[in-house]
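First the structure, in the form of structure tokens, and then the observations on it.
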Amino acid sequence: MGKLKRIFKFFYQENYDIQHRLLNIILLSGLIGIFISSIVSAFLGFKVITLVITGFSFISFLISLWIANGLKKPQTAIVFLSILANNIILPVMFVLSGGMQSGMPVWSLMGLLFSVMLIRGKKAYVVFVLNLLGFIGAIIFSYLHPESLIYLESIRDVYIDLIVGVILVSGIFTLIFKYQSYIYEKQKKEILNAYKTAQKATDAKTEFLSNISHDIRTPLNAIVGYTELAQKSFEDQDKLKDYISKISIASNHLLNLVSEVLDMSKIEKGMVFNVE
């Protein structure tokens, strides 16, 4: 279990974007699917060339997995595998497996959707068109040269191959959609938590501003009031000194309050300042 967790964490790191993670799902499940498909092919008595192509597909998936996670180039891996699979591997397997009388149309559908789901930007459309041409080309070739097709030995084998293809492809897409739903729910919770945290911070800031505005008004009112009294007490030096002293105390209090507000503002902005 420990090794499986480490493998899972490696292929589904938090710093990987959603396309990278989905690519890893497809590659890992594809490797399992190819392995199972090769066993079924051997059981159904497919030709040796079919098993060779299956092995080539397995190696191609491994190379794509290395490009995506070893070289950290997931988009390159997606384009590489998409073009290779849809324009070489799947058309050849289409011919070697009996064309439309096999499970290959299901795998071809997965290959077409694969590029649209994971490739970014305009490259997705270009690669999709190339892949679609590869699939159409395989159908046209099988129609014009039916003698080149290697059909399965019985209708039972056709059904088995089709059922295996549907099970594996639907299983892969189920994993993809389930993982997308998991990521969506996780991101929604994170956004909701961030919103709640921000709301609490906003409420605390509002309360702080309300309190600090009240605290600031107190020395300001004292300064204004004692200033007016001082202006009327020039002849009484004792009262004048007392008023000036109280104005000085209120001014220092106000200065300290303003300094605290400015210091808190610097902390929020991440500014570094020295306290002497």
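The values are calculated or read from the model by the stated rules, or taken from the named source; none is laboratory data. Small disclaimer: the values here were computed from a predicted structure and weren't measured. Virtual Cβ from ideal backbone geometry, glycine too; neighbours counted across all protein chains shown. Ligands, DNA and RNA are excluded from the accessible area calculation, which covers all protein heavy atoms including side chains. Shrake-Rupley method; radii C 1.70, N 1.55, O 1.52, S 1.80 Å.
The residues of segment 65-137 present an accessible area of 45 Å² per residue when probed at 1.4 Å with all protein chains retained.
Dipole check for the chain: with +1 at the C-beta of Lys and Arg, -1 at the C-beta of Asp and Glu, and the Cα centre as origin, the magnitude is about 740 Debye. By the Kirkwood approach, averaging reciprocal distances over each pair of separate Cα atoms, segment 85-139 gets a hydrodynamic radius of 11.1 Å. Can you give the FRET efficiency to the nearest 0.05 for ASN252 and LYS196, using r as the Cβ-Cβ distance and R₀ = 35 Å? Rounded to the nearest 0.05, the efficiency is 0.30. Whole-percent P(r), segment 32-182, all Cα pairs, 5 Å bins from 0: 2, 9, 18, 22, 22, 15, 8, 4, 1, 0. How much of the calculated P(r) for the chain lies past 32 Å, in percent of all Cα pairs? Everything past 32 Å amounts to 52 percent. Surface composition of segment 104-169: carbon plus sulfur atoms hold 76% of the accessible area, using a 1.4 angstrom probe and ignoring ligands, DNA and RNA.
Roughly how tilted is helix 48-69, in degrees to the nearest 10 and between 0 and 90, from the longest Cα axis of the chain? The angle comes out near 10 degrees. Projecting the Cα atoms of ILE136, LEU118, LEU262 onto the charge dipole of the chain, computed from C-beta unit charges around the Cα centre, puts ILE136 farthest toward the positive end.
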